[in-house]
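Reading through the structure tokens given below for one structure.
The values are calculated or read from the model by the stated rules, or taken from the named source; none is laboratory data. Values in this document were obtained by computation on a predicted structure and should not be read as measured data. Cβ atoms come from the backbone with ideal geometry, glycine included; neighbour counts cover every protein chain shown.
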Amino acid sequence: MNQPDIRSARPKTRPGALLGFFIRSIIAGLALAFVILYLWPSASKWQTGQPENGSVQTATVPEAPVSYADAVDRTAPSVVSIYTRTVELQQVSPRLQRILGSSYVARSRQDMGSGVLVSEDGYILTNNHVISRVQNISVGLWDGRFAAAQVVGSDPETDLAVLKIDFDGLPAAPLAEGSSVRVGDVVLAIGNAFGLSHTVTMGIISATGRNDLRSVLYEDFIQTDAAINAGNSGGALINHRGEVIGINTRNLGQAQGAQNIGFAIPIAMAKDVMQQIVENGSVRRGWLGALFSDLPLSLQTDGVSARRGIQVRDVTPGGPAWSAGIRPGDILLTLDGTPVDDARALLLVIAQRQPGGRVELQVQRNTEIFETYATLIQQPPLR
């Protein structure tokens, strides 16, 4: 007896129906996924590890404040306006000489600047060029009071000066600790711009360590695009917390075609100069007794242009460098084991050492390299 063919009893599945089944399944799955993501959007972020705002988290960037009013309120009361008067003798024309009976007349010149109160008992930091060669200095305070100021001391080499007024209980400025400033930080400049006291301008730190302006001997400027106008000199450059990070000193000016290029003295340097002036009446600096110049850039083995050392241009006979065996034409390679390649930067490093300190120098003369030691002495008057 023949058995029925079981295979022939099964319903036959057409290929088109099977394809339709798969397509309908895919569409149903996509629709379900859309509904889940629409009703539960955080699910996709949980799966991908993205923050809930949908942005890709590559670095932690603090949110900028909407207003810097709190920072200004913290520092502005400690910024003062400085007014100076100078009596100068000016030569007159021959016609006026016959009328006046004198070749010169006395004329009064008035200038202005800014300053920062650094203590409750009236010590003020400002620029040397604001108060040099003047006969009268008046200080205008935040609360409207005025006071005559005395010059405690000045340092032309950094363009800093310290004044004193006889008031107590004054609002001392919060000074930043260390040198934690970065290019791109938001900063505010506060000062007596064009006689408009406590004018506030905003910008960023454009650069740090500027030492090639040739405006003073020891330069380590903070560059900023915050507007620094006439009268701002000696005022405060502050960070977003209201801490003073620099003393405004100058800008390049429109005469040079510059726009928004201003400079401030770092507060660490200003505090050191101020402390020495208050304690000693002047600034004590280490001196090596040698002048240096930068070497031209040379191509290194890795293809990068760089300098290796600085050239000794002049040596004072009998000075520390001379006694250490250094002569003009030598190449200074390292100072205390640190490579040197910037003459003006080295000048500042040595000046920040105390007289009597000993430095180790590596020197190249022709093809010979040798090490020597020098004991720094007090820098003699440079003017």
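Tabulated data
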{"quantity": "Filter pass, Arg250 being in a loop (DSSP other than H, G, I, E, B), of a type outside the set (Ser, Thr, Tyr) and modelled with pLDDT under 95", "calculated": "no"}
{"quantity": "Residue match in the stretch 199-222 (condition: within 18 Å of Ser81 (Cα to Cα), among the hydroxyl-bearing types (Ser, Thr, Tyr) and touching a helix residue (DSSP H, G or I) at 6+ places or on another chain (Cβ under 7 Å))", "calculated": "no"}
{"quantity": "Conditions (1) in contact (Cβ under 8 Å) with a residue 60 or more places away in the chain; (2) farther than 24 Å from Asp220 by Cβ; number of the one not met by Gln110", "calculated": "(1)"}
{"quantity": "Wholly enclosed strands (runs of 3 or more DSSP E) of the stretch 261-376 bearing at least 3 residues of a type in the set (A, V, I, L, M) and touching a strand residue (DSSP E or B) at 6+ places or on another chain (Cβ under 7 Å)", "calculated": "310-315, 331-335, 358-365"}
{"quantity": "Hits in the stretch 162-208 - residues which are part of a strand (DSSP E or B) and farther than 23 Å from Gly144 by Cα", "calculated": "Leu175, Val186, Val187, Met202, Gly203, Ile204, Ile205, Ser206, Ala207, Thr208"}
{"quantity": "Residue list for the stretch 132-161, restricted to those being outside any strand (DSSP E or B) and buried (at least 22 other Cβ atoms within 10 Å of the Cβ)", "calculated": "Ala149, Thr158, Asp159"}
{"quantity": "Tally, over the stretch 61-116, of residues that are among the hydroxyl-bearing types (Ser, Thr, Tyr), at pLDDT below 90 and under 30 Å from Val151 (Cβ atoms)", "calculated": "3"}
{"quantity": "Test result for Arg250, crowded, with 20+ Cβ neighbours inside 10 Å and of a type in the set (D, E, K, R)", "calculated": "yes"}
{"quantity": "Among residues of the stretch 253-269, those that are of a type in the set (Gly, Ala, Ser) and at pLDDT 95 or above, counted", "calculated": "1"}
{"quantity": "Conditions (1) in contact with a Pro (Cβ under 9 Å, 6 or more places away or on another chain); (2) outside the structural domain of Tyr83 (by TED's automatic domain parsing); (3) at pLDDT 95 or above; number of the one not met by Thr201", "calculated": "(1)"}
{"quantity": "Index of the failed condition, Val181 passing every other in (1) touching a residue at least 40 places away in the same chain (Cβ under 8 Å); (2) under 21 Å from Ala258 (Cβ atoms); (3) not assigned by TED's automatic domain parsing to the domain that holds Glu120", "calculated": "(2)"}
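Residues are listed down the side, and each one gets a yes or a no for (1) among the polar types (S, T, N, Q); (2) in contact (Cβ under 8 Å) with a residue 40 or more places away in the chain; (3) out of contact with any helix residue (DSSP H, G or I) (no Cβ under 7 Å at 6 or more places or on another chain):
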residue: Ala226; (1), (2), (3): no, no, yes
residue: Gly235; (1), (2), (3): no, yes, yes
residue: His240; (1), (2), (3): no, yes, no
residue: Ile247; (1), (2), (3): no, yes, no
residue: Gly253; (1), (2), (3): no, no, yes
residue: Gln259; (1), (2), (3): yes, no, yes
residue: Ala264; (1), (2), (3): no, yes, yes
